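The values are calculated or read from the model by the stated rules, or taken from the named source; none is laboratory data. Every value quoted in this text rests on a predicted model; they were computed, and no experiment measured them. When we count neighbours, we look across all protein chains shown, and the Cβ atoms used for this are built from the backbone with ideal geometry, even at glycine.
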There are 4 protein chains.
Amino acid sequence: MTTFQGVIPPVVTPLTAEGELDKASYQRSIDRMIDAGVDGLFILGSSSEVVFSTDTRRKEIVEAAMQAVAGRVPVFVGCIDTETNRVIEHAKVAQELGAAALVATAPFYALGGVAEIERHFRLIHEAVPQLPLFAYDIPVCVHVKLPNDLLLRLGQEGVLAGVKDSSNDDVSFRFLIDANNKAGHPLTLLTGQEVVVDGAYMAGADGSVPGLANVEPTGYVRMWKAAQAGDWATVKAEQDTLADLMRIVLVTRGVQGFGAGVGAFKTALALLGVFDTNQMPNPVRPLQGENVEAIAEVLREVGLPLARSAEEVSAATNWEK
Amino acid sequence: MTTFQGVIPPVVTPLTAEGELDKASYQRSIDRMIDAGVDGLFILGSSSEVVFSTDTRRKEIVEAAMQAVAGRVPVFVGCIDTETNRVIEHAKVAQELGAAALVATAPFYALGGVAEIERHFRLIHEAVPQLPLFAYDIPVCVHVKLPNDLLLRLGQEGVLAGVKDSSNDDVSFRFLIDANNKAGHPLTLLTGQEVVVDGAYMAGADGSVPGLANVEPTGYVRMWKAAQAGDWATVKAEQDTLADLMRIVLVTRGVQGFGAGVGAFKTALALLGVFDTNQMPNPVRPLQGENVEAIAEVLREVGLPLARSAEEVSAATNWEK
Amino acid sequence: MTTFQGVIPPVVTPLTAEGELDKASYQRSIDRMIDAGVDGLFILGSSSEVVFSTDTRRKEIVEAAMQAVAGRVPVFVGCIDTETNRVIEHAKVAQELGAAALVATAPFYALGGVAEIERHFRLIHEAVPQLPLFAYDIPVCVHVKLPNDLLLRLGQEGVLAGVKDSSNDDVSFRFLIDANNKAGHPLTLLTGQEVVVDGAYMAGADGSVPGLANVEPTGYVRMWKAAQAGDWATVKAEQDTLADLMRIVLVTRGVQGFGAGVGAFKTALALLGVFDTNQMPNPVRPLQGENVEAIAEVLREVGLPLARSAEEVSAATNWEK
Amino acid sequence: MTTFQGVIPPVVTPLTAEGELDKASYQRSIDRMIDAGVDGLFILGSSSEVVFSTDTRRKEIVEAAMQAVAGRVPVFVGCIDTETNRVIEHAKVAQELGAAALVATAPFYALGGVAEIERHFRLIHEAVPQLPLFAYDIPVCVHVKLPNDLLLRLGQEGVLAGVKDSSNDDVSFRFLIDANNKAGHPLTLLTGQEVVVDGAYMAGADGSVPGLANVEPTGYVRMWKAAQAGDWATVKAEQDTLADLMRIVLVTRGVQGFGAGVGAFKTALALLGVFDTNQMPNPVRPLQGENVEAIAEVLREVGLPLARSAEEVSAATNWEK
């Protein structure tokens, strides 16, 4: 199996004002990240609005991504759904469409325990054994933290190829990295953070999956290369700049969760001229008015050149869609 | 629009040992509940393993239920999925197949707020305005409690027809009942509890959706009739007996959540000869061995006649499926 | 040991505008509840602002309560603090001052497990074996639910005399009542609810500890007597009226938690002329202005005669204290 | 006001087998940390078993610490209790006994909101304005996260002098550091972590409060000096070694929370001959048997010389005390 490392952004999905997949913007954004030197792309993750997407839309996203990427970098595909059989359906589609690796969370909605989580990953791997399977540890969404000892055991048995850690529990992730190293590094360990990636690299992470890399991929690529070279002063400097940019998720008012986070990424991409709109999937509304202006102000402060004004971005979306 | 009231059990879905929908058992169970006098049935709710079911399986369940019911009682259909567009897909299928009412939870997995919840219900109702829409308040699964003032407002505007309350917050439900009465009773309010239904009826609930009614529908029907007649001593006596039976979800060991709850219902139904197996959907394992025996013991204690032994039930399922 | 049952209100603690204990108001309120026929009083519980009170203030409250009660009813004393040794200190003071029973929560702040909870109750009972010890199950404050099997076991061993259930988990409480009855009723089981007491009595609770009984004790006394007589229609009617009154905790705006709950009780008592002020302990501010008016409006709607206007109540407190 | 920075360990409190404060061990441990070059000490924090300690014990701990320190480094004193007035009592005692700074959490047990938290810190500062006040952000114990904008505002107004961050939310802490720098650095920001201190230093933290520094202070001192010098390779190397040692909190079985964490620190200190016992405060039991052996094994693996065997340590404590 291939091993993976480096910067693998979770690709934000552009929509038209009518809520359709905007393939032109998608191509621009993907090209921009690949040109910046990212090591892979992760589609149909949380930031890619996977849980907002019908099966038809999911397939459309994968097909468009594969076409846009055209084999230049490996594509991780999220197979995120409530329970095992639904996840396996998505995994098989992903395999058919050319995924390089699969990414699945713990089961959610129904209550269960560690036994169900373990069997879930085993059954997915049994159903699609040809593809490396990454566990996606995201307790804020699935309301359970994946235990390190389970992850490591499944890694040693070949069920899991790696972990995408979005637990925001950096202490636990540090312990996982160390235990994985002691065990001969069966797992590829990727952090899903944006502003504490420097610490994850110091700890020994194999790479990162930062949503903010949609907005500014070059900094993350430079940070990874500096970490590889042991040039920690550059790692720190790049992380400082990126943390400053990440304020786009803090400066809005009256919005929260996905609408504030991915909403800010889409808005920045629209301001930068990469996306045509900052349209959001139902039931979330796109950012508008002062919130768009606040994000534009951050972009100006960190020196990113705006292609469009806040007013133009607000006008391009459909508030009611 | 029709109004609903009374006992509307959430129908447990029988599987064959191979994990297929067991239509013969389904017919037996549905007949048994309708013969007992239930006022409706709710399929594709949490107890019906909706989140374990692929779209194909969901459709199969609705079709089989409609065929088995054959119009004798109204059928509520759950349209439970992560976000709005996916829910609307399910809602349209349910409408085509003859649902009398739709049931939807708040959106889940992605983080959001009350604004997203409100828009979610509005968009579902706009997409399928012909059918009454019930909000399913189940914070243990979706990790948010539906606010009473939102529910009442959406009821007064005609977006929501009612609420299925599985919040386990009986204080809040009591306040909702009183506020709904003061507002002219725009919402039909159903409790999803099993062992505190007596209190909900005393408070003024319009009915109940008890999973245990799959196992023992006649007691719930008698309790509802007694409540309608103001015969609270009978309500209390029936609830006492049903609470004693509900110990089937407490006596098992080493299992939890859905596997312990719906697992116990399926096991009791298999012991009673209603279901052929107690097979569970992936990744949950069916109850086995001492756990089946413990449930059989409860059934004996409350005087329900066993059609099969614990050993026979354990043997009928597929532990690995 | 004495057994307890019936209505045992958690006594709200009146303060002067300067934040001192207001003994005259305290005497009036205690007399009013005893005259109404309550079966006991519970001081230094959550509603008595125990965790806001220094050790000196706690002692002052117990002494004032004992003097005011003068042996007319048994007095339960809360010994609520973070960990065992601190609780034992409070328990010994309570014993010296004449407590009829002690009430203690699970340890809180430090993280632990069931083993620590069990040893905590055992050590308290060993330190003060002469007094019946009630476990106070209040997960909203201590962030752990006391397991039913632990409670029952400690009851059977004589460590615990009873449970004050403020878990808001009526299903679990119902199961505890049933298991306690099957075990020969070692525990006295009291509900801490206000608006679902009817259901708790139907289930077989031995009594109630409703904060709202500070405001309207007679209704709770009538409800308990009706429950004892099996007159459930009266139970229902009394609960309906009390639930209507309990809206005082819902009608305020911009406040939450203790300030909204006990704040509303104090405000109602001030409007009724029982308390001189609605002063709250630091850092909580007393209700003011429109919030006092909203509570006055509820009192008027349910027919309780106001002794003072909302303006007078607002003026009597010290917003800055 | 003095400014603080560097390594300020939260001092673990040694007990005799009878549960009394062990002043000889305390002196040894404090000398060992000061000799290693720490910049301050923090007593009566969570790790110092503050919430297990009666007021008498708290005073005894402060007095013993002040005597042992003898002015060599500044001493931070925790004033941790449920609500404002109780905290102020502790703060005044701390001031009298020579505290260099005070540390207080948000109020806990009673439910409240941001308004109560803000007023809590203001009232403490008003009561003891002479001493710098640090906010202790520890949601795992008090069940609320202190908002960054509140912290910064209170820093700018001079109410707060700094923050001890034990939130385990490194993203939020990173944002706080950056906002604090943009605002002119009104707050001294200390991380309470052990194994991700490298990342906090990269982000710009002013120092650390690592419990593990009780066991191995020299490594934390070297890491801080390297961070000050911009020698990130050394920072990384020191953190790697310390993370390896921190496995002492992971290798035990059947214990959790405070008993597993501080229990491991005490056990390591007993094995190293710094503490006479690993006795824990009620209701927590000391580690025994295989758990002590597992910790000894980690110490051996990282090259720390054991002064006593696991058997000797197990024998020195009182399992029942």
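Just one of the numbered conditions (1) more than 16 Å from the chain's Cα centre (by Cα); (2) within 14 Å of chain C (Cβ to nearest Cβ); (3) within 17 Å of D:Leu151 (Cα to Cα); (4) not basic (Lys, Arg) is not true of D:Ala110; which one?
The number of the failed condition is (3).
Working only within the range B:125-141, note down all residues that are touching a residue at least 40 places away in the same chain (Cβ under 8 Å) and more than 20 Å from B:Val159 (Cα to Cα).
Result: B:Cys141, single match.
Kindly check whether there is at least one residue in the range D:222-232 that is surrounded by 22 or more Cβ atoms within 10 Å (Cβ to Cβ) and away from chain A (no Cβ under 14 Å).
Within the range D:222-232, one or more residues are surrounded by 22 or more Cβ atoms within 10 Å (Cβ to Cβ) and away from chain A (no Cβ under 14 Å).
So, in the range C:35-67, of the ones that are surrounded by fewer than 21 Cβ atoms within 10 Å (Cβ to Cβ) and farther than 21 Å from C:Pro281 by Cα, which residue ends up farthest from the other protein chains (Cβ to nearest Cβ)?
Among those residues, the one meeting the criterion is C:Asp35.
Testing D:Val209 on (1) surrounded by 23 or more Cβ atoms within 10 Å (Cβ to Cβ); (2) over 21 Å from the mean Cα position of the chain (by Cα), one condition comes back false. Which one is that?
So D:Val209 meets the others, but not (2).
Tell me which of these A:Glu83 doesn't satisfy, since it passes every other one: (1) of a type outside the set (Gly, Ala, Ser); (2) more than 13 Å from chain B (Cβ to nearest Cβ); (3) in contact with a helix residue (DSSP H, G or I) (Cβ under 6 Å, 6 or more places away or on another chain).
(2)
Within the range C:260-268, does at least one residue satisfy the condition of being among the hydroxyl-bearing types (Ser, Thr, Tyr), outside the structural domain of C:Val196 (by TED's automatic domain parsing) and over 24 Å from C:Ile34 (Cβ atoms)?
Checked against the condition, which is being among the hydroxyl-bearing types (Ser, Thr, Tyr), outside the structural domain of C:Val196 (by TED's automatic domain parsing) and over 24 Å from C:Ile34 (Cβ atoms), the range C:260-268 yields no hits at all.
Being part of a helix (DSSP H, G or I) and within 14 Å of another protein chain (Cβ to nearest Cβ) is the filter; apply it to the range C:269-321 and report the residue that is nearest to D:Phe108 (Cα to Cα). Steps first, answer last, please.
Filtering the range C:269-321 down to residues part of a helix (DSSP H, G or I) leaves C:269-271, C:290-301, C:310-316.
Now restrict to residues that are within 14 Å of another protein chain (Cβ to nearest Cβ): C:291, C:297-298, C:301.
Details: C:Asn291: 25, C:Glu297: 32, C:Val298: 30, C:Glu301: 35 Å.
Of everything passing the filter in the range C:269-321, C:Asn291 is nearest to D:Phe108 (Cα to Cα).
Looking at B:Ala115 and the list (1) within 10 Å of chain A (Cβ to nearest Cβ); (2) under 15 Å from the mean Cα position of the chain (by Cα); (3) of a type in the set (A, V, I, L, M, F, W, C), which single condition is not satisfied?
(2)
Take the residues in the range B:68-80 that are within 14 Å of chain A (Cβ to nearest Cβ) and among the hydrophobic types (A, V, I, L, M, F, W, C), then tell me which one is nearest to B:Ala101 (Cα to Cα).
If we take residues in the range B:68-80 being within 14 Å of chain A (Cβ to nearest Cβ) and among the hydrophobic types (A, V, I, L, M, F, W, C), then B:Cys79 is nearest to B:Ala101 (Cα to Cα).
Residues in the range D:152-169 that are more than 14 Å from chain A (Cβ to nearest Cβ) and either out of contact with any His (no Cβ under 7 Å at 6 or more places or on another chain) or of a type in the set (S, T, N, Q) (or both): how many? Please lay out each step first, then the result.
Quick first cut of the range D:152-169, residues more than 14 Å from chain A (Cβ to nearest Cβ) only: D:153-164.
Of the ones still in play, those that are also either out of contact with any His (no Cβ under 7 Å at 6 or more places or on another chain) or of a type in the set (S, T, N, Q) (or both) are D:153-158, D:160-164.
Number of matching residues: 11.
Across the range B:86-102, which residue is surrounded by the most Cβ atoms within 10 Å (Cβ to Cβ) among those that are within 13 Å of chain A (Cβ to nearest Cβ) and touching a strand residue (DSSP E or B) at 6+ places or on another chain (Cβ under 9 Å)?
The qualifying residue surrounded by the most Cβ atoms within 10 Å (Cβ to Cβ) is B:Val87.
Which pairs have Cβ atoms under 8 Å, sit 6 or more apart or on different chains, and link a residue in the range B:181-193 that is in the same structural domain as B:Ser47 (by TED's automatic domain parsing) to one that is of a type in the set (Ser, Thr, Tyr) and assigned to a loop (DSSP other than H, G, I, E, B)?
Qualifying pairs under 8 Å: B:Thr188/B:Thr3; B:Gly192/B:Ser166; B:Gln193/B:Ser166.
Can you tell me which of (1) surrounded by fewer than 21 Cβ atoms within 10 Å (Cβ to Cβ); (2) more than 20 Å from B:Ser25 (Cα to Cα); (3) modelled with pLDDT of 95 or more is the one B:Glu320 doesn't meet?
Checking B:Glu320 against (1) surrounded by fewer than 21 Cβ atoms within 10 Å (Cβ to Cβ); (2) more than 20 Å from B:Ser25 (Cα to Cα); (3) modelled with pLDDT of 95 or more, the one that fails is (3).
Residues of the range B:150-169 being in contact with an Asp or Glu (Cβ under 6 Å, 6 or more places away or on another chain) and charged (D, E, K, R), which ones?
Within the range B:150-169, just B:Asp165 meets the criteria.
Assuming C:Val144 fulfils every condition listed in (1) surrounded by fewer than 24 Cβ atoms within 10 Å (Cβ to Cβ); (2) within 14 Å of chain B (Cβ to nearest Cβ); (3) touching a residue at least 24 places away in the same chain (Cβ under 8 Å) apart from one, which condition is it?
All conditions pass for C:Val144, except number (2).
Just the residues that are under 25 Å from B:Gln5 (Cα atoms) and touching a Phe, Trp or Tyr at 6+ places or on another chain (Cβ under 6 Å), please, taken from the range B:105-140.
B:Thr105
Looking only at the range A:282-301, decide whether some residue is crowded, with 22+ Cβ neighbours inside 10 Å, of a type in the set (D, E, K, R), at pLDDT 95 or above and under 24 Å from B:Asn85 (Cβ atoms).
no
Here's a check for you: in the range B:247-264, which residue that is away from chain A (no Cβ under 13 Å) and surrounded by 24 or more Cβ atoms within 10 Å (Cβ to Cβ) is nearest to A:Tyr109 (Cα to Cα)? Even if it seems obvious, please write down each step before you answer.
Initial filter on the range B:247-264 (away from chain A (no Cβ under 13 Å)): B:247-248, B:250-251, B:264.
Okay, now just the ones that are also surrounded by 24 or more Cβ atoms within 10 Å (Cβ to Cβ), so B:248, B:264.
Working: B:Ile248: 23, B:Ala264: 19 Å.
Within the range B:247-264, the match that is nearest to A:Tyr109 (Cα to Cα) is B:Ala264.
For residues that are part of a helix (DSSP H, G or I) and hydroxyl-bearing (Ser, Thr, Tyr), tally how many sit in the range A:30-81.
4
Against the condition of a type in the set (Val, Ile, Thr), surrounded by 19 or more Cβ atoms within 10 Å (Cβ to Cβ) and touching a residue at least 40 places away in the same chain (Cβ under 8 Å), how does B:Ile177 come out, does it pass?
Spelling it out, it is not the case that B:Ile177 is of a type in the set (Val, Ile, Thr), surrounded by 19 or more Cβ atoms within 10 Å (Cβ to Cβ) and touching a residue at least 40 places away in the same chain (Cβ under 8 Å).
Please specify each residue of the range A:170-198 satisfying the condition of being in contact with an Asp or Glu (Cβ under 6 Å, 6 or more places away or on another chain) and within 9 Å of chain D (Cβ to nearest Cβ).
Answer for the range A:170-198, where residues must be in contact with an Asp or Glu (Cβ under 6 Å, 6 or more places away or on another chain) and within 9 Å of chain D (Cβ to nearest Cβ): A:Asp170, A:Phe173, A:Val196.
If you check A:Ala237 against the conditions, is it of a type in the set (Gly, Ala, Ser) and closer than 27 Å to A:Ala179 by Cβ?
When the stated conditions are applied, A:Ala237 does not pass them.
Is it the case that A:Leu287 is over 24 Å from A:Thr54 (Cβ atoms) and outside the structural domain of A:Arg28 (by TED's automatic domain parsing)?
Details: over 24 Å from A:Thr54 (Cβ atoms): no; outside the structural domain of A:Arg28 (by TED's automatic domain parsing): yes.
Answer is no for this residue.
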